[in-house]
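Q: Here's a structure for you.
The values are calculated or read from the model by the stated rules, or taken from the named source; none is laboratory data. As the structure is a computational prediction, the values presented were derived from the model and not from experiment. When we count neighbours, we look across all protein chains shown, and the Cβ atoms used for this are built from the backbone with ideal geometry, even at glycine.
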Ligand code: TEU
Ligand code: CA
């Protein structure tokens with residue numbers, strides 16, 4: 001049986017910045033509800049909402065203090081119930097974020113655990129003997145600094161791979177796991193359609209005396225023994241008709257074929273994190289197109305016969321792709337969209353990508369909000385860079401670029417009061433309202449692209465083959481089934497690129513079925529204009 005999500009297009013919502021319904025400057029659940037018709041018209045089948053649970057917001061919701069309640073700034077459980085109901089009426093499914101590698105340090109379990117060494121909740125977390133000067137080991141967390149924070153009351157340190165406000169849960173503790181599984185069940189019984197599993201490859205850790213060779217994150221990335229917990233999770237997920245997508249850094253493309261195999265995989269699909277490599281000098285880095293092609297091709301081939309890919313080019317943790325790979329024009333926005341959405345897998349569109357939103361021109365540290373950005377900035381200052389240099393080094397590749405409010409119209413359209421992050425000054429030029437009226441807009445191109453992706457089975461089932469693997473500017477590939485063939489040619493540069501087609505692509509049945517320029521003819525020697533994308537197929 002074909003799973004519904006193999007032929008579906010997802011949309012990622014960063015709720016804080018999506019739509020503010022009550023004008024307090026913060027996006028909310030009712031705001032999402034008001035935009036369901038917009039998402040429907042775009043062709044979206046499901047949405048993934050970043051965490052909306054109760055949280056002190058050290059890491060914007062990725063630090064949960066109560067798994068069963070909604071952060072009041074986003075609304076209530078009843079609001080969510082209603083959203084779910086209306087979304088389902090629109091045939092849109094809802095996937096929630098599931099953050100179970102860690103909790104907030106304000107979660108009642110951790111508040112208890114801190115009280116004493118023999119507290120019943122102590123072993124819900126990871127503690128080891130330490131002194132203020134000497135931590136149990138020298139492992140570094142993802143956001144920089146030690147993975148340990150000393151607790152003077154009990155004279156031990158607790159372990160955290162993100163901020164100290166996000167203590168890691170102890171997955172070796174079966175009592176803890178039972179409690180987490182109860183909460184997962186609670187949400188599935190609530191009626192949601194699935195989960196995006198945050199940082200799931202990190203739940204198992206090496207012994208504290210593990211010696212790091214090269215990869216600083218090896219001691220907590222896809223560590224052996226994780227199979228046991230993933231199997232328990234799978235057994236729970238399989239009791240429901242849901243979709244699961246795991247953020248699983250450290251799981252190699254070869255292993256992903258097993259992790260996501262259709263019969264007894266742990267989860268339905270994986271977000272790999274290798275693809276967004278940077279190239280260029282510090283402070284001036286851009287996206288690395290060759291790495292992107294290499295990584296994505298490896299994953300396409302690796303999951304050819306077993307497993308499934310989750311496709312993305314942008315998310316809430318990275319700068320805007322139209323800025324780091326493109327030149328911030330509609331042409332580069334649509335070219336990138338064509339290139340990644342027609343790969344084999346389930347595409348996710350990060351909010352704002354469908355109108356080609358760009359990076360924010362940060363000019364002061366006060367405009368940034370992400371915890372890791374603020375930590376990075378301090379780090380550069382500590383290394384004696386000036387404040388201006390530190391700002392540049394931080395914002396060159398910061399999460400904050402993706403988190404500015406959605407540009408529904410000219411700058412007041414997201415909220416009537418001051419938004420929690422500044423709106424990009426280009427909102428007057430790049431926005432939904434104006435693009436809806438313009439047939440040649442990025443938004444309207446996306447509608448065509450999504451329709452095509454879902455209509456032609458070659459884009460769901462077809463095998464992938466990379467062409468011109470070493471070409472530094474062109475991303476070209478074919479998708480093939482027994483009956484259908486499609487070729488995708490994308491020029492990801494501002495210069496004209498020339499590509500020669502094999503004769504069989506010039507036979508009468510082949511046509512250009514999509515392009516982001518008004519006119520293009522099929523010829524043996526194809527001249528691709530700046531950021532031109534062309535899709536050729538024998539079907540349609
Ligand atoms: O990000 C995960 C994350 O940053 C690491 O797991 C990742 O493996 C690492 O950077 C490897 O390159 C998720 C969320 O998307 C992010 O917003 C949160 O801050 C983080 O988890 C903590 O919950
Ligand atoms: Ca609000």
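Q: Hey, can you tell me all the residues within segment 135-190 that are within 13 Å of ligand 1 (Cβ to nearest atom) and part of a strand (DSSP E or B)?
A: If the condition is that a residue be within 13 Å of ligand 1 (Cβ to nearest atom) and part of a strand (DSSP E or B), then 140, 168, 169 are the ones that fit.
Q: Any residue that is at pLDDT 95 or above, surrounded by fewer than 19 Cβ atoms within 10 Å (Cβ to Cβ) and either more than 30 Å from residue 375 (Cβ to Cβ) or within 16 Å of ligand 1 (Cβ to nearest atom) (or both) - is there at least one of those in segment 48-56?
A: Here is the first cut: in segment 48-56, the residues at pLDDT 95 or above are 48-56.
This time we only want the ones that are surrounded by fewer than 19 Cβ atoms within 10 Å (Cβ to Cβ), so: 56.
Pick out the ones that are also either more than 30 Å from residue 375 (Cβ to Cβ) or within 16 Å of ligand 1 (Cβ to nearest atom) (or both) and you get 56.
Looking for residues that are at pLDDT 95 or above, surrounded by fewer than 19 Cβ atoms within 10 Å (Cβ to Cβ) and either more than 30 Å from residue 375 (Cβ to Cβ) or within 16 Å of ligand 1 (Cβ to nearest atom) (or both), one finds at least one in segment 48-56, hence yes.
Q: Condition check: surrounded by 20 or more Cβ atoms within 10 Å (Cβ to Cβ) and within 21 Å of residue 12 (Cβ to Cβ). Does residue 310 satisfy that?
A: On the way: surrounded by 20 or more Cβ atoms within 10 Å (Cβ to Cβ): yes; within 21 Å of residue 12 (Cβ to Cβ): yes.
It is true that residue 310 is surrounded by 20 or more Cβ atoms within 10 Å (Cβ to Cβ) and within 21 Å of residue 12 (Cβ to Cβ).
Q: Among the residues of segment 90-111, write down those that are in contact with a helix residue (DSSP H, G or I) (Cβ under 9 Å, 6 or more places away or on another chain) and under 22 Å from residue 27 (Cβ atoms).
A: 90, 92, 93, 94, 96, 98, 104
Q: Please verify whether residue 33 is under 15 Å from residue 87 (Cβ atoms) and within 16 Å of ligand 1 (Cβ to nearest atom), treating the condition exactly as stated. Full working, then the answer.
A: On the way: under 15 Å from residue 87 (Cβ atoms): yes; within 16 Å of ligand 1 (Cβ to nearest atom): no.
Criteria not met by residue 33.
Q: Would it be correct to say that residue 42 is in the same structural domain as residue 193 (by TED's automatic domain parsing) and within 16 Å of ligand 1 (Cβ to nearest atom)? Give the steps one after another, and end with the answer.
A: On the way: in the same structural domain as residue 193 (by TED's automatic domain parsing): yes; within 16 Å of ligand 1 (Cβ to nearest atom): no.
Here the answer is no, as residue 42 does not meet what is asked.
Q: Which of the residues belonging to segment 115-134 are out of contact with any helix residue (DSSP H, G or I) (no Cβ under 9 Å at 6 or more places or on another chain) and part of a strand (DSSP E or B)?
A: As a first pass, look at segment 115-134 and keep what is out of contact with any helix residue (DSSP H, G or I) (no Cβ under 9 Å at 6 or more places or on another chain): 117-118, 126, 128-134.
Residues satisfying the conditions are 128, 129.
Q: Continuing with this model, one more query. Restrict the check to segment 142-159 and report whether at least one residue is touching a strand residue (DSSP E or B) at 6+ places or on another chain (Cβ under 9 Å), on the phi > 0 side of the Ramachandran plot and in the same structural domain as residue 235 (by TED's automatic domain parsing). Break it down stepwise before answering.
A: Just the residues of segment 142-159 that are touching a strand residue (DSSP E or B) at 6+ places or on another chain (Cβ under 9 Å), to begin with: 146-151, 154-159.
Restricting the remaining residues to those that are on the phi > 0 side of the Ramachandran plot gives 155.
Then drop every residue that is not in the same structural domain as residue 235 (by TED's automatic domain parsing), which leaves none.
No, segment 142-159 contains no residue that is touching a strand residue (DSSP E or B) at 6+ places or on another chain (Cβ under 9 Å), on the phi > 0 side of the Ramachandran plot and in the same structural domain as residue 235 (by TED's automatic domain parsing).
Q: Quick one: residue 230 ticks every box in (1) within 16 Å of ligand 1 (Cβ to nearest atom); (2) assigned to a helix (DSSP H, G or I); (3) in contact with a strand residue (DSSP E or B) (Cβ under 7 Å, 6 or more places away or on another chain) except a single one, so which number is it?
A: Residue 230 satisfies every listed condition except (3).
Q: Separate question: Which ranges mark the helices (runs of 4 or more DSSP H) fully within segment 275-367 that have 3 or more residues being in contact (Cβ under 8 Å) with a residue 40 or more places away in the chain? Outline the logic, then answer.
A: Working: elements: 289-302, 321-324, 330-341.
Once the helices (runs of 4 or more DSSP H) in segment 275-367 are filtered for at least 3 residues that are in contact (Cβ under 8 Å) with a residue 40 or more places away in the chain, what remains is 289-302, 330-341.
Q: Tally up the residues in segment 517-534 that are closer than 15 Å to residue 453 by Cβ and either assigned by TED's automatic domain parsing to the domain that holds residue 331 or not in a strand (DSSP E or B) (or both), please. Step through it out loud before you land on a result.
A: Within segment 517-534, the subset closer than 15 Å to residue 453 by Cβ is 533.
Keeping just the survivors that are either assigned by TED's automatic domain parsing to the domain that holds residue 331 or not in a strand (DSSP E or B) (or both) gives none.
Residues in segment 517-534 being closer than 15 Å to residue 453 by Cβ and either assigned by TED's automatic domain parsing to the domain that holds residue 331 or not in a strand (DSSP E or B) (or both): 0 in total.
Q: Taking residue 71 as the residue in question, decide whether it is within 16 Å of ligand 1 (Cβ to nearest atom), surrounded by fewer than 20 Cβ atoms within 10 Å (Cβ to Cβ) and over 30 Å from residue 448 (Cα atoms). Walk me through it before giving the result.
A: Numbers: within 16 Å of ligand 1 (Cβ to nearest atom): yes; surrounded by fewer than 20 Cβ atoms within 10 Å (Cβ to Cβ): no; over 30 Å from residue 448 (Cα atoms): yes.
Taking the combined requirement at face value, the residue does not satisfy it.
Q: Do you know which residues across segment 233-260 are assigned to a helix (DSSP H, G or I) and under 19 Å from the mean Cα position of the chain (by Cα)? Talk me through it step by step, then tell me what you get.
A: First pass over segment 233-260, keeping only residues assigned to a helix (DSSP H, G or I): 233-237, 253-259.
Scanning segment 233-260 gives 253, 256, 259.
Each row is one residue, and each column tells you yes or no for (1) outside the structural domain of residue 340 (by TED's automatic domain parsing); (2) crowded, with 22+ Cβ neighbours inside 10 Å; (3) without any contact (Cβ under 8 Å) to a residue 40 or more places away in the chain; (4) over 23 Å from residue 51 (Cα atoms).
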{"position": "212", "(1), (2), (3), (4)": "no, no, no, yes"}
{"position": "231", "(1), (2), (3), (4)": "no, no, yes, yes"}
{"position": "236", "(1), (2), (3), (4)": "no, no, no, no"}
{"position": "240", "(1), (2), (3), (4)": "no, no, no, no"}
{"position": "243", "(1), (2), (3), (4)": "no, yes, no, no"}
{"position": "250", "(1), (2), (3), (4)": "no, no, no, no"}
{"position": "253", "(1), (2), (3), (4)": "no, no, no, yes"}
{"position": "256", "(1), (2), (3), (4)": "no, yes, no, yes"}
{"position": "263", "(1), (2), (3), (4)": "no, no, yes, yes"}
